[in-house]
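Quick one: structure below, then a few questions.
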Amino acid sequence: MRFLPLVFLAAMVSLPLWMHDQYLLHIFITTGIFTIAAMSLNLLLGYTGQLSLGHVAFFGIGAYTSALTALGFEVDIFALHVVHEPWPAIAGFALAIVVAGLCGYVIGKLSFKVRGAYFVIVTISFAEVVRLVALNWVQLTQGPLALNNIPPFTLGLPGLGFHTLWDKVSSYYLVLAVAAAAYVLIKRLVGSRIGRAMVALKENESLAISVGIDVTRYLVLAAVVSAALAGAAGSLYAHYVKIIDPEIFLFIYTVTMVIMVVTGGKGTLAGPIVGGLIFGFLPVIVRSFARPEVQWMLYGLLMMLIVFVLPQGIVPALERRLAAWGGAGQARVRRLAAPDPVVPGERR
């Protein structure tokens, strides 16, 4: 089990070497991007127990920040005329992480004073406000006309040359690298003292407070890291599809992230990855034999089946089954290795 992530990573690295279907590679890229977003949501939902139904706002903020940084813009803010010349796409990626993280900090500071349904309402309202800004600030975002011709990433080092990621294979490896970095970051975070404090807040907030854990501090930190990772995913999305509009803030994208987390197993590192792969490729499979209305019915039935049969998600169920098999195997080995019982009066 300890080496399973490395085996999975090696399989993903080798995938473009033997799979030459460009459409399937495109599905892997988009699935990887939304899996990163789902991993970021899992940090809030799975490890702190806070359900954010406006998480797509950070995804969209990252996409627009990165796109506008790379395209440049002219905008009038009150009496000030601001002109921004185009910067490299990699600078937009960095700014997307920073801006989304700052927005996560502000929303965390404001909304973590409330809990439960009130927190959900705040996050949904924030996402809707951001969508309306993107739709109506036409001078900056082009509104419904969309930002197009977004340049791809150019990576390299001075003296060693640069490579522009025009093809799908290069984009795939970039998304895979960011996903791996996000996985390592989240793993290190949740395995640290900070992560244990977050889990303590989720399990029993009153007890956590009584032992001196600062609730707001750790929840805001989780919100900042979660928003920053979602912004990184949004940046990858913008530079891959090369066109974005206010529909990127649609509620269905948040629902998709929640489904990936819940079905895979919230509060587990592998849960969003498993859920992302299932619901990334399920539409491709179902589309081949079912009409659109039937597809939604099948999605709903699958969700109901997973919730009823595996209420804690796929990954926790597999972990319990493997642990049971391992425990049974060890017990059998101990029985075989144990000496035969001595019967009183029997000579050995």
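The values are calculated or read from the model by the stated rules, or taken from the named source; none is laboratory data. Since the model is a prediction, treat every value here as computed from it, not as a measurement. Cβ sites come from the backbone with ideal geometry, for glycine too, and all protein chains shown count toward neighbours. Surface areas here come from the heavy atoms of the whole protein model, side chains and all, with no ligands, DNA or RNA. Shrake-Rupley method; radii C 1.70, N 1.55, O 1.52, S 1.80 Å.
Looking at I273, I259, I278, I243, can you tell me which residue is at pLDDT 90 or above and either surrounded by fewer than 24 Cβ atoms within 10 Å (Cβ to Cβ) or more than 25 Å from A222 (Cβ to Cβ) (or both)? Walk me through it before giving the result.
Details: I273 fails: either surrounded by fewer than 24 Cβ atoms within 10 Å (Cβ to Cβ) or more than 25 Å from A222 (Cβ to Cβ) (or both); I259 fails: at pLDDT 90 or above; I278 fails: at pLDDT 90 or above.
It is I243.
For every residue, the table says whether it meets (1) modelled with pLDDT under 90; (2) of a type in the set (F, W, Y); (3) under 14 Å from L236 (Cα atoms).
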site: A134; (1), (2), (3): no, no, no
site: G156; (1), (2), (3): yes, no, no
site: G159; (1), (2), (3): yes, no, no
site: W166; (1), (2), (3): yes, yes, yes
site: S171; (1), (2), (3): no, no, yes
site: L174; (1), (2), (3): no, no, yes
site: A179; (1), (2), (3): no, no, yes
site: A182; (1), (2), (3): no, no, yes
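Something else: How about region 128-148: which of its residues are outside any helix (DSSP H, G or I) and aliphatic (A, V, I, L, M)? Break it down stepwise before answering.
As a first pass, look at region 128-148 and keep what is outside any helix (DSSP H, G or I): 137, 142, 146-148.
Once the filter is applied, which keeps residues that are outside any helix (DSSP H, G or I) and aliphatic (A, V, I, L, M), region 128-148 yields A146, L147.
Condition check ((1) among the aromatic types (F, W, Y); (2) in contact with a Leu (Cβ under 7 Å, 6 or more places away or on another chain)) across all residues:
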{"residue": "A11", "(1), (2)": "no, no"}
{"residue": "P16", "(1), (2)": "no, yes"}
{"residue": "H20", "(1), (2)": "no, no"}
{"residue": "L25", "(1), (2)": "no, no"}
{"residue": "F34", "(1), (2)": "yes, no"}
{"residue": "S52", "(1), (2)": "no, yes"}
{"residue": "G60", "(1), (2)": "no, no"}
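Let me ask something else about it. Regarding N136, is this residue open to solvent by 20 Å² or more (accessible area, probe 1.4 Å), touching a residue at least 40 places away in the same chain (Cβ under 8 Å) and over 24 Å from the mean Cα position of the chain (by Cα)? Talk me through it step by step, then tell me what you get.
Details: open to solvent by 20 Å² or more (accessible area, probe 1.4 Å): yes; touching a residue at least 40 places away in the same chain (Cβ under 8 Å): no; over 24 Å from the mean Cα position of the chain (by Cα): yes.
Answer is no for this residue.
Residue-by-condition table, conditions (1) within 19 Å of L43 (Cβ to Cβ); (2) among the hydrophobic types (A, V, I, L, M, F, W, C):
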| residue | (1), (2) |
| --- | --- |
| V82 | no, yes |
| L132 | no, yes |
| H163 | no, no |
| Y172 | no, no |
| A179 | yes, yes |
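What single numbered condition from (1) outside any loop (DSSP other than H, G, I, E, B); (2) in contact (Cβ under 8 Å) with a residue 40 or more places away in the chain fails to hold for G267?
Unmet for G267, out of (1) outside any loop (DSSP other than H, G, I, E, B); (2) in contact (Cβ under 8 Å) with a residue 40 or more places away in the chain: (1).
Regarding region 203-213, can at least one residue be identified that is assigned to a helix (DSSP H, G or I) and under 16 Å from S40 (Cβ atoms)?
Residues of region 203-213 assigned to a helix (DSSP H, G or I): 203, 205-210.
From what's left, under 16 Å from S40 (Cβ atoms): none.
Looking through region 203-213, none of the residues is assigned to a helix (DSSP H, G or I) and under 16 Å from S40 (Cβ atoms).
Yes/no matrix, rows are residues, columns are (1) more than 16 Å from the chain's Cα centre (by Cα); (2) more than 30 Å from L68 (Cα to Cα):
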site	(1), (2)
L221	yes, no
Y240	yes, no
I248	no, no
T263	no, yes
K266	no, yes
I278	no, yes
R291	yes, yes
Q295	yes, yes
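Suppose we keep only residues that are free of Cβ contacts under 8 Å to residues at least 40 places away in the same chain and closer than 28 Å to F34 by Cβ within region 182-218. Which one would you say is surrounded by the most Cβ atoms within 10 Å (Cβ to Cβ)?
Top of the filtered list is I194.
Name the residue, out of A70, A11, that is at pLDDT 85 or above, of a type outside the set (S, T, Y) and closer than 19 Å to A181 by Cβ. Quick ask: steps written out before the conclusion?
Numbers: A70 fails: closer than 19 Å to A181 by Cβ.
A11 is the lone residue from the list that is at pLDDT 85 or above, of a type outside the set (S, T, Y) and closer than 19 Å to A181 by Cβ.
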